[in-house]
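Reviewing the structure listed below.
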Ligand code: DLL
């Protein structure tokens, strides 16, 4: 294979990549300092001026941006250009339910689409392929990103969005899709439904799948590959840094190449902020070098990861990140949605419940489940099943409004949830038994 979408960048000698990054960083810092008051204040507070940043070796001098900063600067505080230059937004949920809104100029969208086209090309796609995009479309970046990448490549693009599995399968079979893009859990589910319908893996025309947005294991990779008869590739990204395609896997399936001509990655100690040497485990931090509208400098992803720069058999020179190994905050990803326990707690309090609750997350038949056990106050406790069921439904609806996903709520007797003497165990993530750590 050895196919590249933009060979000159993807195989650029490491020294040259660093020069390119340095050149871009100097310009980008000036752009941000001049146009984003919020970040200018952070720099001033730290006593750093744009002139202090002469290249990539000075990156560590810049202040970090955290999700909290994005929440504080909501909705326009991080915007670095006139709104009239922006052509699109995408969004993700934030810690207190306040969403992070990312803005894109046309140039930003083009750069992002190219990153996704690189990922598709690395998975063997080209203009003769039929790419079924079964990530969600809308505020989520999954659908739009892979859709844009597939267009850049000239593939025939099926903008299916997620869900409606019968229709997915009908299009996949009738139009002979060759590449599918969706979350790994949805891919596994599609595989199951195909088998239930009596299809064998060789009956479909798929050759590759591009799966990401949530944690998945090597076992799950093998399961999906067997069920669909394909090669399964990982893809990583986050809304703040553009979306999918920040990093992507090549045929060697040994970690994801970070698109280093656009993004600089660092690993830091999440407690101290100190930059760690290559090969050490810590929090992944990204600096976007080319973004015009929403230019993140040293954004703390909270993803725990390791970076390695080894010669790759695919010929790409970009550094590789391992699969994210967990998070340095308490964010969970459930059915592809970012969920913080504090969001659920906020709903409970708002609905008049005491904050005695437990969240149980699991993965059953390759699909995430969310159960919330909520203790009732003596005054609310009723022996009428009808009353209890109604209350459970109401609470489930209120949580769905906040998160976008519907939990099963179980109202339980007063004082029945174990009290803890230390940190309360609010979350039981049973997916850990499957090796899934996010
Ligand atoms: O999930 C972007 C995306 C869409 C990536 C489609 C890949 C495919 P957010 O909703 O902002 O963006 O969530 C970002 O998801 O910080 C990670 O914790 C997690 N994540 C993304 N990709 C992977 C992956 C999209 N391949 C957060 N493996 C990130 C594990 C992933 N976790």
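Just so you know, all these numbers are worked out from the coordinates, no wet-lab data involved. Quick caveat: nothing in here was measured; it's all calculated off a predicted structure. Cβ sites come from the backbone with ideal geometry, for glycine too, and all protein chains shown count toward neighbours.
In this rough spin-label picture, where each label sits 7 Å from Cα along the Cβ direction, the residue 16-residue 254 distance is 2.3 nm. Centroid-to-centroid, using Cα positions, segment 74-138 and segment 192-247 are 20 Å apart.
Taken over the C-alpha atoms, segment 170-228 has Rg and Dmax values of 10.9, 31 angstrom. Residues of segment 356-392 with the amide nitrogen closer than 15 Å to a label point 7 Å from the Cα of residue 400, along Cα-to-Cβ, please. Under cut-off, by backbone N: 370-372, 390-392. Here, P(r) means the percent of Cα pairs in each 10 Å bin from 0 to the largest distance; for segment 333-434 it is 14, 48, 31, 6. Computed from label points 7 Å out along Cα-Cβ, the spacing between residue 205 and residue 85 is 4.3 nm.
What the Cβ-Cβ distance of residue 72 and residue 281 gives, at R0 = 25 Å and to the nearest 0.05, is a FRET efficiency of 0.30. Under the simplified labelling scheme, the residue 58-residue 415 pair shows an inter-label distance of 6.4 nm, with each label point 7 Å from Cα along Cα→Cβ.
Size estimate for segment 207-247 follows the Kirkwood approach: the inverse of mean 1/r over distinct Cα pairs works out to 10.8 Å. Neighbour counting of Cβ atoms within 10 Å sorts the residues 11, 389, fewest neighbours leading, into 389, 11.
With the convex hull drawn around the C-alpha atoms of segment 156-279, the volume per residue stands at 139 Å³. One decimal place: the segment residue 274-residue 45 gains 80.6 nm when fully extended, by the rule 0.36 nm per residue minus the C-alpha distance. In a fully extended conformation the segment linking residue 151 and residue 427 would gain 95.3 nm over its present Cα-Cα distance, using 0.36 nm per residue. Hey, for a label at residue 37 modelled as a point 7 Å past Cα toward Cβ, could you say which residues of segment 263-294 have their backbone N under 19 Å away? Answer for segment 263-294: 293-294. Residues 112, 216 in ascending order of nearby Cβ atoms (within 10 Å, fewest first): 216, 112.
Evaluated over the Cα positions of segment 51-173, the convex hull gives a direction-averaged projected area, one quarter of its surface, of 10.6 nm². Across 121, 272, 183, mean-square fluctuation computed from a Gaussian network of the chain (C-alpha pairs under 10 Å connected) peaks at 272. Size descriptor for segment 29-78, Kirkwood hydrodynamic radius: 11.3 Å (Cα pairs only, one decimal). Taking 35 Å as R0, compute the FRET efficiency from the Cβ-Cβ separation of residue 310 and residue 110 and round it to 0.05. Rounded to the nearest 0.05, the efficiency is 0.70. With the biggest extent put first, the Cα atoms of segment 233-348 measure 52, 31, 30 Å across the principal axes.
Taking each residue as 0.36 nm, the span from residue 393 to residue 380 lengthens on full extension beyond its C-alpha to C-alpha distance by 3.2 nm. Listing 314, 322, 115 from fewest to most neighbouring C-beta atoms within 10 Å gives 322, 314, 115. In summary, the convex hull built on the alpha carbon positions of segment 7-327 has an orientation-averaged projected area of 15.9 nm².
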